[in-house]
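This report refers to the structure that appears directly beneath it.
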Amino acid sequence: MIKSFRGKTPRIHETAFISKQAYIVGDVEIGEGAGIWPGAVIRGDSAKIVIGKNTQIEDNCTVHSGVPMTIGENVLIGHNVVVHCARIGDNVLIGNNATLLDNAEIGSYCIVGANALINMDMKVPDRTFAYGVPAKITGEVPQERTDIISLALLFNTVLAKEYKEHGL
Amino acid sequence: MIRTFNGKTPKIAESAFISEVAYVVGDVEIGENSSVWPGTVIRGDHAPIVIGQNTQIEDNCMVHTGTPMFIGDNVHIGHNVVVHCQKIGNTVLIGNHATISEYAEVGDFCVVAAGALVTPGMKIPDRTFVVGVPAKVKGEVSEDRIEITKQSVDIYVKMSKAYKEQGL
C-alpha cells in the first residue's frame, strides 16, 4: 500500500516490487529493481528516506527516522529489522532481527550480524563486521563473504521480479 | 482493522488513531489521543488489554498476553516491540525491538532500552533504566530523560492527529 502524507507521495521506480502487504507512506524514494516484502513499513513522515537500486527490505521490517536516511544500492536487509539510522552504504548485509538506532551510519561492504543492536551514533567503517548487543566491530569482511552477499541479493531481486509478475 | 472476537469488541476512544493497517481484536480498550501504528497487532483474545491516554504503539509491534494487561498513560513504545507482560506504568519509554515477557511489570517513569529482553516475572521499580539481554538495572532515570519521553509522546500525539485527518 502506497500512501501520501502531508502532500508527499512515495516515488517508486516502475521496476521495484512493493508487496501488497507492505505499507509505504510520505517522503520515500525507492530505486530500480528494489524489493519491499510483506509487512514491511517505510514511514517517511518525520524525514526523507531514500532507498537505492536493487536493495531488498524483507518481511516485517520497520524503516523510520527523525533525520534524513539514505540506504544505498545492493543492500540486503533481513526479516524483522528496525532501521532507524541515518545511512547504510552499498553492498551491505543486515542480518535478521537487527536494530539500527538513531544517527548510526553503516559503511559499504559491511555485515551487521543477526539480532545485533547498532547503538545510537555508532559508525561502522567500510568492510567491517558488527555483532552483538550492543554491537562491536569484530573484524573485516573478506571478499568471499561479499561474493556470497551478491549472490543472495541476486536471488532476492530475481524472486522480487517473479512476485511482481504474479501481482503479489 | 478492528475486529470482534468471542463477543468482545475493542473500545476505542474517538480521538485515538488506529492505522488502517494495524489489527486490533477482542477485549481491548484504547484511551484518548493514543495511537496504534502500521503493522501493529493488539490481540485481546486470552485476556483483556487496557491502554491509557496519549500512549503510542509504533509500527510492527505485537501486544498479546495470557493474563490481563494494563499499559498506562503517556507511554511511548518503539518499533517492533513485543509486549507480553502484565503492566507498564505511566510516562514510560520502551525502546525499539525490546521484548517484555510474561508477568513482567514496568513501573512509572521507566526506560527500557532498545533491544532489551525483560524476562518473565521481572518487576522494574519506578524511575528505573534497564538495558541488555537479559535486561539488568542500569540506574535511575534522570529528570532530563523523563523530559525526552514526554517530548516523544507530544510529537506522536500531534503526528497521529495528522494521520487521522488524512484518513490513513
### Message
Can you find a residue that is within 14 Å of chain A (Cβ to nearest Cβ) and either out of contact with any Gly (no Cβ under 8 Å at 6 or more places or on another chain) or assigned to a helix (DSSP H, G or I) (or both) anywhere in the stretch B:106-116?
### Response
no
### Task
Assess whether B:VAL130 counts as being part of a strand (DSSP E or B), β-branched (Val, Ile, Thr) and either within 14 Å of chain A (Cβ to nearest Cβ) or within 15 Å of the chain's Cα centre (by Cα) (or both).
yes
### Task
Taking the options A:ILE137, A:ILE88, A:ILE71, A:ILE148, name whichever one is at pLDDT below 95 and out of contact with any helix residue (DSSP H, G or I) (no Cβ under 8 Å at 6 or more places or on another chain).
A:ILE148
### Message
Just the residues that are within 12 Å of chain B (Cβ to nearest Cβ), hydrophobic (A, V, I, L, M, F, W, C), within 22 Å of A:ALA86 (Cα to Cα) and in a strand (DSSP E or B), please, taken from the stretch A:1-37.
### Response
A:PHE5, A:ILE24, A:VAL25
### Message
So, restricting to strands (runs of 3 or more DSSP E) that lie completely within the stretch B:12-93, which ones have at least 3 residues that are of a type in the set (Val, Ile, Thr) and over 28 Å from B:ARG145 (Cα atoms)?
### Response
B:23-30
### Message
Restricting to the stretch B:34-78, name every residue that is within 14 Å of chain A (Cβ to nearest Cβ) and under 10 Å from the mean Cα position of the chain (by Cα).
### Response
B:SER35, B:VAL36, B:GLN56, B:ILE57, B:GLU58, B:CYS61, B:MET62, B:HIS76, B:ILE77, B:GLY78
### Query
Hey, among the residues in the stretch A:70-95 that are away from chain B (no Cβ under 12 Å) and of a type in the set (S, T, N, Q), which one's surrounded by the most Cβ atoms within 10 Å (Cβ to Cβ)?
A:ASN74
### Message
Take the conditions outside any strand (DSSP E or B), among the acidic types (Asp, Glu) and within 12 Å of another protein chain (Cβ to nearest Cβ) and apply them to A:ASP59. Does it pass?
### Response
yes
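The values are calculated or read from the model by the stated rules, or taken from the named source; none is laboratory data. These numbers were taken from a predicted model, which means no experiment stands behind them. All Cβ positions, glycine included, derive from the backbone under ideal geometry; neighbour counts span all protein chains shown.
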